[in-house]
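A.B. asks: Starting off with a structure, shown below.
Please treat every number below as a calculation from the coordinates, not as lab data. As the structure is a computational prediction, the values presented were derived from the model and not from experiment. Note that each Cβ is placed from the backbone with ideal geometry, even for glycine, and that neighbours are counted across all protein chains shown.
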Amino acid sequence: FFFFSFGLHTVNKQNKQTLKRMPPNETKDKDAPTWIIASVIAFYFVVSLSLVFLNKFLMNDSTFKFPYPLVITWYQFVVAWACLFMIASLGRRNGSIFGFVPAYEFDWDKARQILPLTLVYLAMIIFNNLCLKYVEVSFYQVARSLTIVFSIILPYVISRTTTSWESIKACIVVLVGFLLGAGGEVNFTWLGVIFGVASSFFVALYGVRIKTGLTV
């Protein structure tokens with residue numbers, strides 16, 4: 001969670017700095033450099049996949065066998081907040097490599113505006129870990145594949161944004177793959193499937209709503 005937030009903030013900060021240096025009529029079409037976007041995506045991919053295996057190891061390995069996914073989620077949120085707070089504090093020093101990280105602040109108005117997005121993110125992480133508790137890592141990825149399907153349905157429901165037929169056909173293939181994967185799962189549990197579908201829903205909803213949250 002810390003690395004995701006850190007990487008996301010890096011891209012947004014780079015965008016703002018680039019936009020400030022550009023004439024007003026060119027700011028709309030300028031994005032962050034490709035290498036920064038690619039680096040953040042690759043970094044997040046590696047850390048996210050590592051976190052999945054680590055959480056599964058903690059919850060199901062015979063050595064630890066810590067069957068409390070909500071406690072793990074809570075602890076990870078606390079550590080993420082502590083790391084961001086520490087880096088923000090270090091960023092205040094002159095010449096610090098973390099100078100681009102803004103100082104910690106809390107604004108009730110902004111907090112209220114971003115609260116719906118925060119709750120969606122919280123639900124996304126909770127259902128991720130609950131799904132991982134009841135299914136294997138391989139089926140966990142299959143269960144979360146429905147994110148693509150919800151990523152097409154939710155924009156249409158929320159803002160009437162349509163999608164091309166090619167994308168819809170691709171989603172049908174994903175849906176068929178999900179059904180085949182569920183049917184072939186050795187340790188199949190309906191509870192794991194329900195948590196997986198809920199996780200996919202909130203991941204897609206978070207992606208749809210995040211632009212609104214980031215404008216605050």
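A.B. asks: Residue 45 to residue 93: extension gain in nm, 0.36 nm per residue of separation minus the Cα-Cα distance?
C.D. replies: Working: separation 48, 0.36 × 48 = 17.28 nm, distance 3.06 nm.
The residue 45-residue 93 span can extend by a further 14.2 nm.
A.B. asks: What is the extension gain from residue 180 to residue 157, computed as 0.36 nm multiplied by their sequence separation minus the C-alpha to C-alpha distance, in nm to one decimal?
C.D. replies: Values: separation 23, 0.36 × 23 = 8.28 nm, distance 2.72 nm.
Fully extending the segment from residue 180 to residue 157 adds 5.6 nm.
A.B. asks: Would you mind computing, in nm to one decimal, how far apart the modelled labels at residue 210 and residue 71 are, each placed 7 Å from Cα along Cα→Cβ?
C.D. replies: It works out to 3.0 nm between the two label points.
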